[in-house]
Amino acid sequence: MTDLPTTQQLRDRARAALDRIGVTVPEGDDLHARSPITGERLFGLRATTAEQAGQAIGEAAEAFRTWRVTPPPARGDLVRTLGELLRTHKSDLADLITVEAGKIRSEALGEVQEMIDICEFAVGLSRQLYGRTIASERPGHRLAETWHPLGVVGVISAFNFPAAVWSWNTAVALVCGDAVVWKPSELTPLVSLASSHLLDRAIEQAGAPRELHRLLLAGSDVGAQLVDDPRVALVSATGSTRMGREVAPRVAARFGRVLLELGGNNATVVAPSADLELALQGIVFAAAGTAGQRCTTLRRLIVHRDVADQLVERLAGVYGRLPIGDPFAEGTLVGPLITDAAADAMTAALDRAQADGGKIVAGGRRLDTAGGAYVEPAIVRMPRQSGVVREETFAPILYVLTYDTFEEAVALHNDVPQGLSSSIFTRDQQEAERFLAADGSDCGIANVNIGTSGAEIGGAFGGEKETGGGRESGSDAWRAYMRRATNTVNYSSTLALAQNVSFL
Ligand code: NAD
């Protein structure tokens, strides 16, 4: 375990990053910024009240009226400016991500890079919001489809990607002509203030409406306000399945739109033909990276019986050497869990796994530190896929199951309530294709010879079943942020009715 910085050092580092970005922290006693590195409080903050939140939604709705008629490439200019500011402040924002979410330096920088990437994607998109022309059955008619801005997008985000998830939604929503109201995780207020301030600066530079983006610094009660407000056309919510279960029916009750990015319980199949060295590297990053706190973290390893012992032994060897500790320190690969409660949940899950016949073959201990919840990533061999394995525990536990036939591996793989990310390591092309086929992996993300985590922004991101069904980021995910209109234009002098219906 590497030495930890003091809370005062973290406070100074956060303050310096905030100063460089130009943020004034709204000091108060309603909320606090803390760091999982020491588990201690950094600053007291003033929260957004319910009344202010209502006003912010109204302001965003007003800004939308101007923004929706601004030409999309001009909207792209704003997002380009945001991307440039993110480049300038990449290191500062990464500092804040490490301070508040505990990510190691390389992953924190990677998160900001992802924000820059989505800005670039969205700028290109601003000239590619394509509709289509459809063959009409009537002479002298044109049938077409056009896409229009939707309205106010309410973004609710989780602690573990405190800035990237916001940028996936916001960069795309802005080029689509929408306004955004953001309710970030209460665990990462400084990252939210900094990200939001960079967008405010971009808005000012681009001469766009000031109220196009509003930040609500508050708890889930204010999040619920976004959920219930009919002025919010789309609620894009990222977080636990528990949260999604509360949010989805409420938005549906008012016929609003919802985009859900919820929990995962991701698995990798390792076939007997797999390149085990490649598999080893992919598995360790996916399972232990970000201290097991990614929605795409590898939680279940489904290994062919012939290679299971060998692979688990090699994995246990690597796990025994993983540097755990200060995420700012060079060489650290595993930082802290976000809270003590997360470490308790890990311990409880390991107890349940053992009660179900599981055997811990690596890690699993909580390290003895004065503050901060540091744990050794764990590997547990399970005799079957019991209840605890079918749940998402947001901590670094890798359950290992064995299989004999490919059909058995796919059945085990799909037999969980979640459906986010999946992968197979194999050198057998038929097997790889079968994993990707309609009766293979049932997840939104299915990979070959790579782990489950670390998606690029170019593809659509999201999952099925209890993961919520939403898609964000690249590909055609932009359509969720727009409304579609079908247009029939008659340029003849005859009123021809569809399906040859005659009338009058
Ligand atoms: P969480 O569900 O505790 O909180 C997420 C956000 O929802 C927070 O901003 C919270 O304030 C808000 N919230 C909670 N209840 C609400 C309610 N009733 N109404 C409105 N807002 C509410 O999740 P977390 O602990 O911050 O993040 C971890 C979870 O997020 C994991 O389950 C992880 O898999 C998931 N996640 C999913 C994705 C994805 O893309 N699928 C990405 C990141 C995280």
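Which whole-Hz ³J(HN,Hα) couplings does the stretch 236-244 yield from phi under the Karplus relation 6.51 cos²θ - 1.76 cosθ + 1.60, θ = phi - 60°, glycine and proline marked x?
Result, rounded to whole Hz: 9, 10, 10, x, 6, 4, 4, 5, x.
Taking 8 Å as the Cα distance limit and 6 or more residues as the minimum spacing, I'd like the relative contact order of the stretch 441-487 as a percentage.
Contact order relative to length: 27 percent.
Compute the separation of the alpha-carbon centres of the stretch 338-395 and the stretch 202-260 and state it in Å as a whole number.
Computed from Cα coordinates, the inter-centre distance equals 33 Å.
Count charges around residue 217 for me, please; just the other residues with Cβ under 11 Å from its Cβ, Lys/Arg as +1, Asp/Glu as -1.
Value of the local net charge: +1.
For residue 419, list long-range residues whose amide hydrogen, built 1.01 Å from N in the peptide plane, is under 5 Å from its own amide hydrogen.
The answer is 265, 464, 466, 467.
Counting DSSP beta bridges in the stretch 369-504, what percent are antiparallel, to the nearest 5?
Bridges in the stretch 369-504 are about 35 percent antiparallel.
With θ taken as phi - 60° and the coefficients 6.51, -1.76 and 1.60, list the Karplus ³J(HN,Hα) couplings across the stretch 417-427 in order, rounded to whole Hz; mark glycine and proline as x.
Ordered by residue, 3J(HN,Hα) equals x, 9, x, 8, 10, 7, 7, 10, 9, 7, 10 Hz.
Please report the net charge: other residues with Cβ closer than 14 Å to the Cβ of residue 397, K and R +1, D and E -1.
+3
Charges at C-beta only: +1 for Lys and Arg, -1 for Asp and Glu. How large is the resulting dipole of the chain about its Cα centre, in Debye rounded to 20?
The dipole magnitude comes to about 1140 debye.
Please compute the modelled spin-label separation between residue 427 and residue 309, points set 7 Å along Cα→Cβ, answer in nm with one decimal.
Going from the residue 309 label point to the residue 427 one covers 2.2 nm.
Once amide H atoms are built 1.01 Å from N in the peptide plane, which residues 5 or more positions from residue 274, or in another chain, come under 5 Å H to H?
Placed amide hydrogens put 427 under 5 Å from residue 274.
If you line up the long axis of helix 305-319 against the longest principal axis of the chain, both from Cα atoms, how many degrees apart are they, to the nearest 10?
90 degrees
How long is the gain from residue 254 to residue 390 if the chain were fully straight, where each residue apart is worth 0.36 nm and the alpha carbon distance is subtracted?
Answer, rounded to one decimal: 45.7 nm.
Restricting to Cα pairs below 8 Å that are 6+ residues apart, what does the relative contact order work out to for the chain? Please round to a whole percent.
Once divided by the residue count of the chain, the mean separation gives 18 percent.
How high is the FRET efficiency from residue 204 to residue 66, r the C-beta distance, R0 22 Å, rounded to 0.05?
Efficiency computed from Cβ-Cβ geometry: 0.90.
Taking the Cα atoms only, what angle lies between the long axis of helix 72-88 and the longest principal axis of the chain, rounded to 10 degrees?
Taking Cα atoms only, the helix is inclined about 30 degrees.
Which of 212, 297, 486 sits closest to the plus end of the dipole of the chain, meaning its Cα is farthest towards the positive end, when Lys and Arg get +1 and Asp and Glu get -1 on the C-beta?
486
Using a 1.4 Å probe over the heavy atoms of the protein chains, calculate the carbon and sulfur portion of the accessible area of the stretch 201-354 as a whole percent.
52 percent
Please compute the length gained on full extension between residue 49 and residue 436, using 0.36 nm multiplied by the number of residues separating them and subtracting their Cα-Cα distance.
Extra length from residue 49 to residue 436 when fully extended: 134.6 nm.
Using only Cα atoms, find the angle between the long axis of helix 105-125 and the longest principal axis of the chain, and express it within 0 to 90 degrees, rounded to the nearest 10.
Rounded to the nearest ten degrees, it is 20.
Explain nothing, just the number: relative contact order of the stretch 234-328, from Cα pairs under 8 Å at least 6 residues apart, as a whole percent.
Computed over the stretch 234-328, the figure is 26 percent.
Less than 12 Å Cβ to Cβ from residue 46, Lys/Arg counted +1 and Asp/Glu -1: what total charge do the surrounding residues give?
-3
Residue 128 to residue 344: FRET efficiency via 1/(1 + (r/R0)^6), r the Cβ-Cβ distance, R0 45 Å, to the nearest 0.05?
Result of the calculation: an efficiency of 0.40.
Would you be so kind as to identify which of 276, 47, 4 lies farthest towards the positive end of the dipole of the chain, taking Lys and Arg as +1 and Asp and Glu as -1 on Cβ and the Cα centre as origin?
In the chain, that residue is 47.
How large is ³J(HN,Hα), in whole Hz, for each residue of the stretch 284-291 in order, when computed from phi with the Karplus curve 6.51 cos²θ - 1.76 cosθ + 1.60 and θ = phi - 60°, using x for Gly and Pro?
5, 5, 5, 8, 9, x, 6, 6
Would you please give the residues with an amide H less than 5 Å from that of residue 424, counting only those at least 5 places away or on a separate chain, with H modeled from the backbone geometry?
Under 5 Å from the amide H of residue 424: 269, 447, 448, 449, 450.
The values are calculated or read from the model by the stated rules, or taken from the named source; none is laboratory data. Quick caveat, the model's predicted, so the values are computed rather than measured. Ideal geometry is used to build each Cβ from the backbone, glycine not excepted, and the neighbour counts take in all protein chains shown. For accessibility, only protein heavy atoms count, side chains too; no ligands or nucleic acids. Shrake-Rupley method; radii C 1.70, N 1.55, O 1.52, S 1.80 Å.
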